Amino acid sequence: MAQKAIREYDGKALFAKHWENYFSGFHYGFKSVLVTSGEELLKKAEEHGFEWLKQEPLVAKPDMLFGKRGKNNLVLFKVNKPGDVTLEDAAKWIDEKRSHPVTLLSGQSGMLTHFIVEPFTPHTQEQEYYISATCVGDDDVLYMSAEGGMEVEENWDKVVEVRIPIDMDDADIEKEIKANVPSDIPDENKTSFASFAVAFFKFYRDLNFAYLEINPIVMLDNNEMAILDLVARLDDTAGFLMKDAWGEIEFPTPFGMEDQSPEEKAIAEADAKSGASLKLTVLNPKGRIWTMVAGGGASVVYADTIADFAEATGGSIADLANYGEYSGGPTTSETRFYAETVLDLMTRYKDDKGRDKILIIGGAIANFTDVAKTFTGIIQAFEKYADKMKEHNTRIYVRRGGPNYEKGLKDIKEAADRLGLNIEVYGPETHITDIVRMALEK
Amino acid sequence: MMERLFTRDTQAIFWNNNKKAIQRMLDYDYVIKRETPSVAAIVAPTSSNKFEKFFWGADEIMVPVYKNTADAKAAHPNADVLLNFASFRTAYDVTMEALAIGGFRVMMITAEGIPERLARTMINAARKANVTVIGPATVGAIAPGAFKIANIGGTIDNIIKSKLHRTGSCGLVTRSGGLFNELSNIIALNADGIAEGVAIGGDRFVGSVFIDNLLRMEKNPDVKYMVLLGEVGGREEYKVIEAVKSGQIKKPIIAWCIGTIAKHFSSGVQFGHAGASANADEETAVAKNKAMKEAGIYVPDSFNDLPKTINEVYTKLKNEGVIGEIAEPEINTIPKIRRAKNFVCTISDDRGEEATYAGFPISSVATPDTGKTIGDVVSLLWFKKVYPRWSVDFIETVIKTVADHGPAVSGAHNAKVTARAGKSVVEALVTGLLTIGPRFGGAIDGAAKYFKYAYDNNMTPAEFLSYMKKQGIPIPGIGHRIKSLKNPDKRVEGLKNFAKEYFPSTPLLDYALTVEQLTTSKKENLILNVDGTIGILMVDMWRALGYSEEQIDEFIESGTLNSFFILGRTIGFIGHILDEKRLAMPMYRHPFDDILYDVSKAEEI
């Protein structure tokens, strides 16, 4: 899984939690709240420590892992003029924004559910800087620019990159960063920006961030720092090392991705509970070609090959109904549940051109998975869905190898024949994806 | 870098007692007729076993088990491959420790989901140490006909069908472990199998990437052409393109990147490994396939056409004479049914023409003309070693010295009483033997243990005495009923003189004598007695023979020293028992007047 995005609010909370350890000498107020409705915001304002919500002008924006909120017109910072947003304005705005689906410029769409609200920070363009870090190739790279803000991508040539090899020691890291502070940062700010950048890099490194960007970071008087916008991804494989440092951090589903079907959710839940791997994505519920493939790599080559042949045989990519895989030695009941889910989805809609449905039961040569055992679950699902599968003129193509594959293939063939299903079965002597050609050229 | 990743002599240290995977390696070894097992040792920190049994064909062999990598490596310096099967939590530590120990040429790491920063640190350290890392998140690698890592290749049936049991002419590199077998099968069906294959691993950061493996295969004379199966995401394929363009790689390469489907879906759907997503246009499968084709790499039109391309390149190379015929080697067959043995014997064998003691036929040690004594037999059957003359003579001296100490000692007395009760020789003998323990005869073990402890910890004699006082134990091996420095025990004198003359050195005895000076200054009869002398000289003997301190401690712990007493004293006990039988002595009853009777009536409570 590796890299997972976290909310802007949680990223800022991490900064606040570790501020004194890394950024002593600088000051950060961490005035920030995460709410899901206007009502929640109004309630928050009554709590001790959050009086600023009533006292200061505010900024509100969705906090749902997508960027370019300014360009998507999803940042509330003014009603009439910048810095005049009151608590009531923010609450009203949030309730309006969460009341209807939103489509971004990128095409993603969904409902807005989480908002971050902060004080409006008056500052000048000159006080805005850019800083970020991530891993490129073998090295970490720190990016710094005197020109922060929405247009940083347009001004990328002004961004300074500092490559930091994994084994560089702290003294060299400091030297390297200090030597490369962007020349267009005003002289009076250079030293303090450099120390901030060094601390920023160590914070990024020690807390196992995969990506960390503040744009803009605003340097106010007296070393007061304002983190106006933040994007962060954590390396979640480091979770076991970071239990205390991260606390109970949330990895939300990216915006627009949360609209999983109940079937996909059910498979995801089964996957989370199992030691095996069960994955299902419905690409087109009305699609004609359904797959049940064992193994991650194999599932990709089947999808590739279906795309190749669908187009070559007069169909289109829309014929491919689903993508997914089962692997890692699922139990018979897990395989049955997976197969039933796929068969149920497959038999909901007739093909709009009246063509046969195609079910690809594919897989590479297994290392040690007992093929006959996993096929038992699929056969049980056949028994339940045989009539529906026949209604949809389903043609089944099976290809698999590995331990006990002869028995697996024989069992599934016999079961299909007994149930009156149309089936062809192949073993390792047939090329793994050749059943796709056979199915689609017919 | 060596031109071949593995040979038929390559041996590995397997970190984690993964019995199934190790058995699969040994089955493979047996099938391809390797002379040595490919797993030299197992490291299992929490195991208390010294070895693990595995099948070798129908037979069984023992693979030694160690608690840590350092001990395993020290005992098996030639094992230069580390198979790191630790979990994602500990795989990093295991790798770093092994790098610090040194002497490993290849390390394979199987864990998936090692924190990226740790993976990068580990990979960087390995690269600096010139160690080839395979993985993390991989099923490993294989050099057909030579060495196979753990589970790669699947079952033996599949291995033979996919021609993974002998050297072919293709070098195979894949990212996916699941498709590795499939590719091996395709290459067996459409060409002549592979010469070396590596699944580099699915994590974002892996040790050896495509180019590292292909550059080695370029130098491997068995490899005539290469097959590369890449994946959407990353830029590793471009390094291969550069090497082809610059002429670093001259052998033909057939390549394909899976994940061409991704072009149809703008975002959202994750195809394949979590790390396998394209961050830029050049990282898509379509772009990489196109770029590789333009660089002169053989790239089929689709994955489904890959077999055809492989066959075309193979046929071309065959026609050009680059690839010759491959002789199919004879192989062993793994028996369908095999049974684990319940007993293990490592000291003698009665299956051949003549029974042997540790490999020596009995006739070669039994008769006087062989020049061998009972000491030689003890060294063979107890220690599985041929000891030098001086130590064999010492053992014999000890046995003779402890054989008997008169009828009054408790063991002999028990044996005599039992014999007089009409019991058989063996029954009377065991009552005598059962008396041997911490108070009777056990001073040999105790002396060896405490004197060695004091010596190892550099205690002065005074410190040793106060240490023993604190423990509340009289010093074992010190003290005699009547003997003193002025009236020495002749048996002790004999042992000491023998040792002084024939032992290479006697550090522990020398130390014990300084202790004796102190104890005898307190009380005349606190001399080093015969038990103490034997125990201490045994330690000196083993040290001189080159045993490690751990091994000597183990001898002491397992009661080896007492065994010399048991063996010797058995001679005396049997003498007393036979004596009783010949004398036809009646049943013994102890006289009343020798017992203090002090019995009061029990109170009710």
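Summary table below
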| read-out | value |
| --- | --- |
| Top-ranked residue in the stretch B:31-49 [being surrounded by fewer than 21 Cβ atoms within 10 Å (Cβ to Cβ) and in contact with a strand residue (DSSP E or B) (Cβ under 6 Å, 6 or more places away or on another chain); ranked as modelled with the highest pLDDT] | B:ALA44 |
| Subset of the stretch A:139-183 [part of a loop (DSSP other than H, G, I, E, B), in contact with a helix residue (DSSP H, G or I) (Cβ under 9 Å, 6 or more places away or on another chain) and of a type in the set (Val, Ile, Thr)] | A:VAL152, A:ILE166, A:VAL181 |
| Subset of the stretch A:61-92 [part of a loop (DSSP other than H, G, I, E, B), without any contact (Cβ under 8 Å) to a residue 40 or more places away in the chain and in contact with a Phe, Trp or Tyr (Cβ under 7 Å, 6 or more places away or on another chain)] | A:GLY83, A:VAL85 |
| Residue count, the stretch B:319-357 (criterion: over 30 Å from B:TRP382 (Cα atoms) and without any contact (Cβ under 8 Å) to a residue 60 or more places away in the chain) | 8 |
| Elements of type helices (runs of 4 or more DSSP H) in the stretch B:513-588, at least 2 residues being over 22 Å from B:LYS469 (Cα atoms) and small (Gly, Ala, Ser) | B:560-583 |
| Selection status of B:GLY168, away from chain A (no Cβ under 11 Å) and either of a type in the set (S, T, N, Q) or in contact with an Asp or Glu (Cβ under 9 Å, 6 or more places away or on another chain) (or both) | yes |
| Looking only at the stretch A:330-363, and only at residues there that are touching a helix residue (DSSP H, G or I) at 6+ places or on another chain (Cβ under 7 Å) and of a type in the set (Gly, Ala, Ser), the one that is nearest to the other protein chains (Cβ to nearest Cβ) | A:GLY363 |
| Qualifying position, being more than 35 Å from the chain's Cα centre (by Cα), more than 26 Å from B:TYR547 (Cβ to Cβ) and in a loop (DSSP other than H, G, I, E, B), among B:ILE323, B:ILE310, B:ILE331 | B:ILE323 |
| Criterion violated by B:ALA72 - all others in (1) over 22 Å from B:PRO329 (Cα atoms); (2) in a loop (DSSP other than H, G, I, E, B) satisfied | (2) |
| Some residue of the stretch A:296-309 being at positive phi, of a type in the set (Gly, Ala, Ser) and within 13 Å of chain B (Cβ to nearest Cβ) | no |
| Any hit, the stretch B:577-599, residues being touching a Pro at 6+ places or on another chain (Cβ under 7 Å) and of a type in the set (A, V, I, L, M, F, W, C) | no |
| Failed item, numbered, when B:ALA447 is tested on (1) aliphatic (A, V, I, L, M); (2) without any contact (Cβ under 8 Å) to a residue 24 or more places away in the chain; (3) not in a loop (DSSP other than H, G, I, E, B) | (2) |
| Out of B:ILE149, B:ILE186, B:ILE159, sole residue that is within 11 Å of another protein chain (Cβ to nearest Cβ), over 27 Å from B:GLU294 (Cβ atoms) and hydrophobic (A, V, I, L, M, F, W, C) | B:ILE159 |
| Residue in the stretch A:125-138 that is in contact with a helix residue (DSSP H, G or I) (Cβ under 6 Å, 6 or more places away or on another chain) and closer than 28 Å to A:PRO254 by Cβ present | yes |
| Qualifying positions in the stretch A:409-429 - under 26 Å from B:ARG24 (Cβ atoms) and within 14 Å of chain B (Cβ to nearest Cβ) | A:GLY427, A:PRO428, A:GLU429 |
| Answer from A:ARG437, A:ARG400 - the residue that is of a type in the set (D, E, K, R), under 25 Å from A:ALA318 (Cβ atoms), surrounded by 16 or more Cβ atoms within 10 Å (Cβ to Cβ) and within 13 Å of chain B (Cβ to nearest Cβ) | A:ARG437 |
| Flag if B:GLY207 is touching a helix residue (DSSP H, G or I) at 6+ places or on another chain (Cβ under 8 Å), more than 11 Å from chain A (Cβ to nearest Cβ) and either in contact (Cβ under 8 Å) with a residue 12 or more places away in the chain or among the basic types (Lys, Arg) (or both) | yes |
| Total residues in the stretch A:11-32, condition touching a strand residue (DSSP E or B) at 6+ places or on another chain (Cβ under 8 Å) and over 13 Å from A:ASN223 (Cα atoms) | 6 |
| Candidates A:ALA318, A:ALA366, A:ALA372, A:ALA312, filtered to the one that is within 14 Å of another protein chain (Cβ to nearest Cβ) and closer than 13 Å to A:VAL293 by Cα | A:ALA366 |
| Failed condition for B:ASP404, given (1) closer than 29 Å to B:LYS372 by Cα; (2) surrounded by 20 or more Cβ atoms within 10 Å (Cβ to Cβ); (3) in contact with a His (Cβ under 9 Å, 6 or more places away or on another chain) | (2) |
| Filter result for the condition that a residue is at pLDDT 90 or above, within 14 Å of chain A (Cβ to nearest Cβ) and in contact with a strand residue (DSSP E or B) (Cβ under 8 Å, 6 or more places away or on another chain), over B:ASP212, B:ASP222 | B:ASP212 |
| Residue count, the stretch B:84-130 (criterion: buried (at least 22 other Cβ atoms within 10 Å of the Cβ), more than 10 Å from chain A (Cβ to nearest Cβ) and β-branched (Val, Ile, Thr)) | 5 |
| Count of residues meeting criterion [in a helix (DSSP H, G or I), farther than 16 Å from A:ALA298 by Cβ and aliphatic (A, V, I, L, M)] in the stretch A:410-438 | 5 |
| One residue from B:LEU381, B:LEU317 being aliphatic (A, V, I, L, M), over 30 Å from B:GLY171 (Cα atoms), modelled with pLDDT of 95 or more and assigned to a helix (DSSP H, G or I) | B:LEU381 |
| Unique residue being more than 14 Å from chain A (Cβ to nearest Cβ) and modelled with pLDDT of 95 or more when the list is B:ILE310, B:ILE323 | B:ILE323 |
| Hey, A:PRO285 under 27 Å from A:GLY148 (Cβ atoms) and either in contact (Cβ under 8 Å) with a residue 40 or more places away in the chain or within 17 Å of the chain's Cα centre (by Cα) (or both) or not | no |
| B:ILE249 closer than 26 Å to B:MET122 by Cβ, more than 10 Å from every other protein chain (Cβ to nearest Cβ), surrounded by fewer than 23 Cβ atoms within 10 Å (Cβ to Cβ) and modelled with pLDDT of 95 or more | no |
| Per-region count, the stretch A:235-260, residues polar (S, T, N, Q) and either in contact with a strand residue (DSSP E or B) (Cβ under 6 Å, 6 or more places away or on another chain) or without any contact (Cβ under 8 Å) to a residue 40 or more places away in the chain (or both) | 2 |
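The values are calculated or read from the model by the stated rules, or taken from the named source; none is laboratory data. These numbers come from a predicted model, not from an experiment. Using ideal geometry, Cβ is built from the backbone for each residue, glycine included, and neighbour counts are taken over all protein chains shown.
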